[in-house]
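To start, the structure itself, in structure tokens.
The values are calculated or read from the model by the stated rules, or taken from the named source; none is laboratory data. Keep in mind the model is a prediction, meaning the values are calculated, not measured. Don't worry about glycine lacking a Cβ; one is built from the backbone with ideal geometry, like all the others, and counts go over all protein chains shown.
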Amino acid sequence: MSEVLAASEAAATDVSVPAAPGARPFWRRLRAQRAALVAAAVVALLILVALAAPLLTALEGQDPTSYHPDLIDSARGGVPVGAFGGAGADHWLGVEPQTGRDLFARLVYGARVSLGVALAATVVQIAIGVAVGVGAALGNRWIDQLLSRITDIIVALPLMIMSLALLAIVPQSFPRPVLVALVIGLIAWGNTAKIVRAQTLTLKGLDYVAAARLSGWGAWRITRRELLPGLAAPVITYAALLVPINISTEAALSFLGVGVKPPTPSWGQMLTAADVWYQAAPQYLMLPAGALFVTVVALTVLGDGVRTALDPRAASRLRVGTGRKREAGADKEDTA
């Protein structure tokens, strides 16, 4: 075995494998973290708003694409008429400068696009990363070397530059949200594969996996019955932390003009159009920026809470409001 492979396997043995605590202990530990519960409530509310976007805009009586030129003061360069960007009973958060499109409708429909793209990209990353990582760990020396070198190349690729290049050459007729999700997922799976490979190498050395191999089980059965359940905790944890990263990536691509295109709303695309209106119509910039900030923070805190609940040996990185004493009490109940 080459020196590179030996070093990789030695490093992999140092990676701790979170134990799958079961559903009841997991929920008990998660409930002990107040910050994670608040973050989960915020994420659930955001998902509910995104799913109920047609109903919410119907209650307001608006849609995200209709223009309202009568609500724009052309003499002032397209600034909305009225206080707070034209907010009122007909337009709850006001209207966009120049176009007069309803801000509330575009914000809730933008949540659908931003969250949907991030979740779809995460699914693609996890699927490819798990397949490549498990294949590298279970394959022979040459398969491991090949897949590991491919993974290194993928990790070294600059995500934003590659995304800009790919999104710029694809025809505009291709559905843009689907394209953005595919591009992010197909370029950013390298770290997932590295984590899965390291965890799989560690699991291979455990007694119950060796016993299954000695009993005559094939590689596919061992993977399905023994390895994949052991990989569930770290993969779920990493997936929870990937979602806010992908939301920020989608927003950055849309801000640069190669992501979601008008009239389809997304938070990043709204920020692109709002960068010249931060003085004349500050709510046009603050609303999508605030939504992005709250979503990313909530998902990050929730992901950290899931990681701590799945692996009680790991200390939370976000100590504010995590309820250390309650976590310790929950762990004592689990061991009792």
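Would you please name the residue that is modelled with the highest pLDDT, looking only at residues in the stretch 1-60 that are of a type in the set (S, T, N, Q) and assigned to a helix (DSSP H, G or I)?
First, the residues of the stretch 1-60 that are of a type in the set (S, T, N, Q): 2, 8, 13, 16, 33, 57.
Cutting the leftovers down to assigned to a helix (DSSP H, G or I) gives us 8, 57.
Working: Ser8: 39, Thr57: 93.
So the residue we want is Thr57.
List every residue pair whose Cβ atoms sit under 6 Å apart, with the two residues 6 or more apart in sequence or on different chains, where the first one lies in the stretch 31-42 and is closer than 12 Å to Thr308 by Cβ and the second, anywhere, is assigned to a helix (DSSP H, G or I).
Here the result reads Ala32/Arg326; Ala32/Glu327; Ala32/Ala330; Gln33/Gly305; Ala35/Val301; Ala36/Leu30; Ala36/Leu302; Ala36/Gly305, each pair linking the stretch 31-42 to a residue that is assigned to a helix (DSSP H, G or I).
Of the residues that sit in the stretch 166-225 and are in a helix (DSSP H, G or I) and of a type in the set (Ser, Thr, Tyr), which one is nearest to Ala239 (Cα to Cα)?
Thr192
For the stretch 276-289, does any single residue satisfy the condition of being free of Cβ contacts under 8 Å to residues at least 12 places away in the same chain, part of a loop (DSSP other than H, G, I, E, B) and of a type in the set (S, T, N, Q)?
Yes, the stretch 276-289 contains a residue that is free of Cβ contacts under 8 Å to residues at least 12 places away in the same chain, part of a loop (DSSP other than H, G, I, E, B) and of a type in the set (S, T, N, Q).
Which of (1) over 27 Å from Thr249 (Cα atoms); (2) touching a residue at least 24 places away in the same chain (Cβ under 8 Å) is the odd one out, the single condition Val180 does not satisfy?
For Val180, the failing item is (1).
Test Glu250 against the stated conditions and say whether it is within 21 Å of the chain's Cα centre (by Cα), assigned to a helix (DSSP H, G or I) and acidic (Asp, Glu).
yes
State which residue is farthest from Gly86 (Cα to Cα) when the search covers only the stretch 273-302 and only residues that are of a type in the set (Gly, Ala, Ser) and modelled with pLDDT under 85.
Restricting attention to the stretch 273-302, the residues satisfying the condition of being of a type in the set (Gly, Ala, Ser) are 273-274, 280-281, 289-291, 298.
Narrowing further to those that are modelled with pLDDT under 85: 273-274, 280-281.
Details: Ala273: 18, Ala274: 16, Ala280: 12, Ala281: 10 Å.
Filtering first and then ranking leaves Ala273.
Given the condition surrounded by fewer than 18 Cβ atoms within 10 Å (Cβ to Cβ) and either over 27 Å from the mean Cα position of the chain (by Cα) or over 27 Å from Ile245 (Cα atoms) (or both), answer yes or no: does some residue in the stretch 128-140 qualify?
Yes; the residues of the stretch 128-140 include at least one that is surrounded by fewer than 18 Cβ atoms within 10 Å (Cβ to Cβ) and either over 27 Å from the mean Cα position of the chain (by Cα) or over 27 Å from Ile245 (Cα atoms) (or both).
Could you list all residues from the stretch 194-237 that are over 24 Å from the mean Cα position of the chain (by Cα), surrounded by 15 or more Cβ atoms within 10 Å (Cβ to Cβ) and not basic (Lys, Arg)?
Passing the criteria: Leu201, Thr202, Leu203, Val209, Ala212, Trp217, Ile222, Thr223, Glu226, Leu227.
Give me the pairs, please: first residue somewhere in the stretch 73-94 and in contact (Cβ under 8 Å) with a residue 24 or more places away in the chain and assigned to a loop (DSSP other than H, G, I, E, B), second residue anywhere and surrounded by fewer than 17 Cβ atoms within 10 Å (Cβ to Cβ) and of a type in the set (A, V, I, L, M), beta-carbon distance under 8 Å, and either six or more positions apart or on two chains.
Listed pairs, sorted by first residue: Gly77/Ala280.
Return the residues of the stretch 246-272 that are touching a residue at least 60 places away in the same chain (Cβ under 8 Å) and more than 18 Å from Gln172 (Cβ to Cβ); say none if nothing qualifies.
Scanning the stretch 246-272 gives Asn246, Ile247, Thr249, Ala251, Ala252, Trp267, Met270.
Which condition does Arg149 not pass, out of (1) assigned to a loop (DSSP other than H, G, I, E, B); (2) out of contact with any helix residue (DSSP H, G or I) (no Cβ under 8 Å at 6 or more places or on another chain), if it passes all the others?
(1)
Could you tell me which of the residues Gly85, Gly77 is at pLDDT below 85 and in contact with a helix residue (DSSP H, G or I) (Cβ under 7 Å, 6 or more places away or on another chain)?
Details: Gly77 fails: in contact with a helix residue (DSSP H, G or I) (Cβ under 7 Å, 6 or more places away or on another chain).
Going through Gly85, Gly77 in turn, just one is at pLDDT below 85 and in contact with a helix residue (DSSP H, G or I) (Cβ under 7 Å, 6 or more places away or on another chain): Gly85.
Can you name the residue in the stretch 238-288 that is closer than 19 Å to Ser163 by Cα and among the polar types (S, T, N, Q) and, of all such residues, is surrounded by the most Cβ atoms within 10 Å (Cβ to Cβ)?
Filtering the stretch 238-288 for residues that are closer than 19 Å to Ser163 by Cα and among the polar types (S, T, N, Q), the one surrounded by the most Cβ atoms within 10 Å (Cβ to Cβ) comes out as Ser266.
Ile187 passes all but one of (1) crowded, with 18+ Cβ neighbours inside 10 Å; (2) modelled with pLDDT under 85; (3) of a type in the set (A, V, I, L, M, F, W, C); which number fails?
Result: Ile187 fails condition (2) only.
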